[in-house]
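Notes follow the structure.
Computed from the coordinates by the stated procedures, all read-outs in this text should not be read as laboratory data. All of these numbers come straight from a predicted model, not from anything done at the bench. All Cβ positions, even for glycine, are placed from backbone atoms using ideal geometry, and neighbour counts span all protein chains on display.
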Amino acid sequence: EAAAGEEKADQGRNGHAEGPAEQRRGGGARLRGCRGFLRRNALVLLTVSGVVAGVALGAAVRGAALGPAQVAYLAFPGELLLRMLRMVILPLVVCSLVSGAASLDTRSLGRLGGIALAYFLGTTLLASGLAVALGFIVRPGAGASALNTPGLGLPGALPTSKETVDSFLDLVRNLFPANLVAAAFRTYATDYKMLLRNTTSGNVTLEKIPVGTEIEGMNILGLVLFALVLGVALKKLGPEGEDLIRFFNSFNEATMVLVSWIMWYVPIGIMFLVGSKIVEMEDIVLLVTSLGKYIFASILGHFIHGGIILPLIYFAATRQNPYRFLLGLITPLATAFATCSSSATLPSMIKCIEENNGVDKRISRFILPIGATVNMDGAAIFQCMAAVFIAQLNNVDLNPGQIFTILVTATASSVGAAGVPAGGVLTIAIILEAIGLPTNDLSLILAVDWIVDRTTTVVNVEGDALGAGILNYLNEKDKREREQELKEVTIEAIANSKSEAETSPLVTHKNPVSNTSSTADPESKESVL
């Protein structure tokens with residue numbers, strides 16, 4: 001009893017002595033956990049801080065009355081970010097699509113491609129229908145006033161209106177570039193030349209003749225199609241194409257390393273991009289009061305589509321939380337908001353969706369470059385809302401045929417919309433021409449494009465990311481089902497082989513009296529053959 005009492009006393013003393021040490025260990029664990037969280041999410045926190053700091057910087061410098069040269073100097077760090085992101089677009093798109101198409105078997109490629117096409121077309125049609133419905137509900141063009149005052153800062157030059165047929169023909173021409181090297185920096189576009197013709201009656205008429213021209217800008221559609229076909233061809237070659245596939249895989253991984261380095265410059269670039277854009281605004285109060293309903297309707301459409309419809313589609317397909325999926329994509333979404341370019345957001349989107357959300361590299365590098373070119377949900381909302389706005393501004397009541405034309409034309413023209421800032425404004429001219437509305441009101445859209453284009457790009461890249469998540473889930477599910485089928489076939493084959501060995505007439509037993517001994521000893525069976 002005395003020894004037990006001394007042991008209890010020692011345990012009590014040790015407990016009292018170890019209490020503060022345990023508390024220190026607990027505090028150290030919490031500190032390490034906090035450091036680990038900050039280390040894992042440092043880029044996200046810095047990016048969000050860059051956006052907030054950019055707004056504060058623009059508001060602070062706005063009162064200094066900077067000239068155009070000073071504003072250009074202020075935007076210089078942001079311009080460097082855009083140049084670096086555009087620098088890696090070409091190798092990233094080509095190498096990722098070649099390696100992605102070559103890594104997927106033909107069956108998976110066709111299946112995933114069909115699902116991706118249905119997803120892209122379906123979500124774009126939904127976005128177009130939502131925009132038209134909101135346009136009739138909110139009526140952004142009804143009663144708009146003070147729209148031609150100089151305080152709006154309306155641009156003087158408008159995009160050249162193009163025939164609808166020529167626009168779609170240009171889309172098909174760009175799918176098959178005549179020169180792959182030129183496709184890296186030039187795009188085919190139809191221009192018009194006016195010719196004077198004398199008629200037999202002596203009257204002079206002007207005739208508009210389409211002329212093919214090359215304009216500045218990467219022909220991303222042609223490069224995407226070529227890279228896909230090249231990847232499939234390398235897969236068909238078998239062992240002969242493996243060296244080139246490994247080359248593109250290595251090139252792709254090296255490009256992703258460059259992207260990871262560029263991502264640490266994103267917060268600085270975003271801060272100066274947002275700050276300089278706020279300084280460039282002329283009279284924001286007049287702009288918002290005159291075009292406030294249009295801005296509100298467009299952003300509301302983007303919020304409904306990006307915050308409700310797309311997550312619901314993801315949840316219906318995967319039964320997983322879409323907002324947790326989007327939480328890992330804060331950095332590319334903030335990059336899209338600041339740069340207004342879905343193509344410039346592609347490098348960071350591929351990096352984050354693979355590292356944070358665990359999407360298979362073969363899926364992300366196959367689907368995301370295509371989605372950045374083809375899937376433009378936000379642009380479809382922006383274009384349809386602009387068409388309804390201009391129709392209401394001109395007191396034109398749209399009939400069902402014109403509404404159907406808007407939906408189809410917006411869905412089709414968003415495929416060819418350039419993934420650069422203000423790229424969607426050019427396609428609005430196609431829609432207006434298709435329904436017979438004047439294009440001179442496009443200056444109003446350009447005046448607020450820098451506001452609406454930010455939410456447009458965010459919805460564009462969000463649709464691409466959720467589509468990649470859906471395809472990754474379906475691919476994993478298909479893989480598990482095939483593995484399960486393979487296991488069942490293997491088990492059945494083993495069972496059949498055992499039953500054949502026991503019942504085959506070609507097998508005799510040395511000791512037919514005892515079945516247990518024959519099954520226990522494998523050498524007790526011999527074949528008559």
| task | Would you grab the residues whose amide H sits under 5 Å from the one on ARG186? Only those 5+ places off in sequence or on another chain, please, with H modelled 1.01 Å from N. | result | GLY217, ASN219
| query | Once you sort the root eigenvalues of the Cα gyration tensor of region 278-401 as a ≥ b ≥ c, which label holds: rounded (a/c under 1.5), prolate (a/b larger than b/c) or oblate (the other case)? | reply | prolate
| Residues whose placed amide H lies under 5 Å from that of TYR192, excluding near-sequence neighbours | VAL211
| note | With 0.36 nm assigned to each residue of separation and the Cα-Cα distance removed, TYR265 to PHE185 gains 26.3 nm
| task | Taking the dipole about the Cα centre of region 299-425, with the C-beta of Lys and Arg at +1 and of Asp and Glu at -1, give me whichever of PHE389, ILE353, CYS340 is farthest to the positive side. | result | ILE353
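Taking the Cα centre of region 329-398 as the origin, how large is its charge dipole in debye, to the nearest 20, when only Lys and Arg (+1) and Asp and Glu (-1) carry charge on their Cβ atoms?
260
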| Karplus 3J(HN,Hα) series, Hz, for region 376-393 with 6.51 cos²θ - 1.76 cosθ + 1.60 (x for Gly, Pro) | 10, 5, x, 5, 5, 4, 4, 5, 5, 5, 5, 5, 5, 4, 5, 5, 5, 5
| request: Using R₀ = 56 Å, calculate the FRET efficiency as 1/(1 + (r/R₀)^6) where r is the Cβ-Cβ separation of GLU485 and LEU196; round to 0.05. | output: 0.20
| Inter-site label distance for LEU38 and LEU206 at 7 Å from Cα along Cβ, in nm | 6.7
| What does the charge count near ALA102 come to, summing +1 for each Lys or Arg and -1 for each Asp or Glu among other residues with Cβ under 13 Å from its Cβ? | +2
| said: Under the 0.36 nm per residue contour assumption, what length would be gained going from the current alpha-carbon distance of ALA178 and ARG86 to full extension? | reply: 30.9 nm
| request: Compute the distance in nm between two label points, each set 7 Å from the Cα along the Cα-to-Cβ direction, one at GLU214 and one at PHE296. | output: 4.9
| remark: Under the 7 Å Cα-to-Cβ spin-label approximation, LEU244 and GLU476 lie apart by a distance in nanometres of 3.4
